[in-house]
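Student: Below are the structure tokens for one structure; questions will follow.
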Amino acid sequence: MAEINFNVLMDGTNLDDLSDFRPGLKALDELKIKTPLADAGLTKKEIRQLSRDLGLPNWDKYSSSCLATRIATDQHINLKKLDLIRRCENFLQDFGFMGCRVRISNHSAIIELLEEDIERFVEKAARQPVLKKFNDSGIEKVFLSMSGRKGILF
């Protein structure tokens, strides 16, 4: 921050994030990172609505939390794991599974899709290439979360 003459760092934590288990919140506090959206009491839904009202071009983009949140608690975080998650999620997005998450633990992965994408995923045409890509990347077991992610927007 000193190199670019900034003395305050902020992130996009919002009120909804404070009710989830988020170990990274401790790091934000320790590093004195400001959370203006949470401090203002704004929820994800309210932020999207305000962004839409202001005509911001990204009001309807899928949320994109830190890749480190996809690594199981108490496991070492490193660039190799973060890159693996990024590659797996990008592969799923290339298949049209936007808003997906890939959570890894040891040599296993749990795929979280939007609820409306689960049925399409279990079809062999989608499932088999994903399984091959994940296996080729060193992931031995691939699981699908059956609860699905809730709709991203409203």
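Student: Under a straight-distance cross-link criterion of Cα-Cα below 18 Å, which aspartates and glutamates are reachable from Lys45, leaving out those fewer than 8 residues away in the same chain?
Tutor: Once the sequence-local aspartates and glutamates are set aside, what remains near Lys45 is Asp11, Asp16, Asp17, Asp20, Asp53, Asp60.
Student: Using modelled backbone amide H atoms (1.01 Å from N, in-plane), which distant-in-sequence or interchain residues come within less than 5 Å of Met98's amide H?
Tutor: none
Student: Need the list of lysines near Lys26 for cross-linking: C-alpha distance under 17 angstrom, and skip anything on the same chain fewer than eight residues off.
Tutor: Of all the lysines, those that pass the test against Lys26 - Cα under 17 Å, at least 8 places apart if same chain - are Lys34.
Student: Give the angle, between 0 and 90 degrees and rounded to the nearest 10, that separates the Cα long axis of helix 79-94 from the longest principal axis of the Cα atoms of the chain.
Tutor: The two axes meet at around 70 degrees.
Student: Using a 10 angstrom cutoff on alpha carbons, build the Gaussian network for the chain and name the most mobile of Leu144, Leu18, Leu114.
Tutor: Its mean-square fluctuation being the largest, the pick is Leu18.
Student: For Cα pairs less than 8 Å apart in space and 6+ apart in sequence, what is the mean separation divided by the residue count of the stretch 67-144, i.e. the relative contact order in percent?
Tutor: 27
Student: Using only alpha carbon pairs under 8 Å that are at least six residues apart, calculate the relative contact order of the chain and give it in whole percent.
Tutor: About 17 percent, as a whole number.
Student: Would you mind calculating the relative contact order of the stretch 2-53 from Cα pairs under 8 angstrom and at least 6 residues apart, reporting the percent as a whole number?
Tutor: Averaging sequence separation for qualifying contacts and normalising by length gives 46 percent for the stretch 2-53.
Student: While we're looking at this one, here's another question. Need the full-extension length gain, Glu3 to Leu56, defined as separation in residues times 0.36 nm minus the C-alpha distance. One decimal, nm.
Tutor: Contour length minus the Cα-Cα distance gives 16.2 nm.
Student: To continue, here is another question. With point charges of +1 on the Cβ of Lys and Arg and -1 on the Cβ of Asp and Glu, referenced to the Cα centre of the stretch 67-144, which listed residue (Leu67, Val130, Asn106) lies farthest in the positive direction of the dipole?
Tutor: Of the listed residues, the answer is Asn106.
Rule-based calculations on the coordinates, nothing more; no lab input. Nothing here was measured: the structure is a model prediction, and the numbers come from that model. FYI the Cβ positions are ideal-geometry reconstructions off the backbone, even for glycines, and counts take in every protein chain you see.
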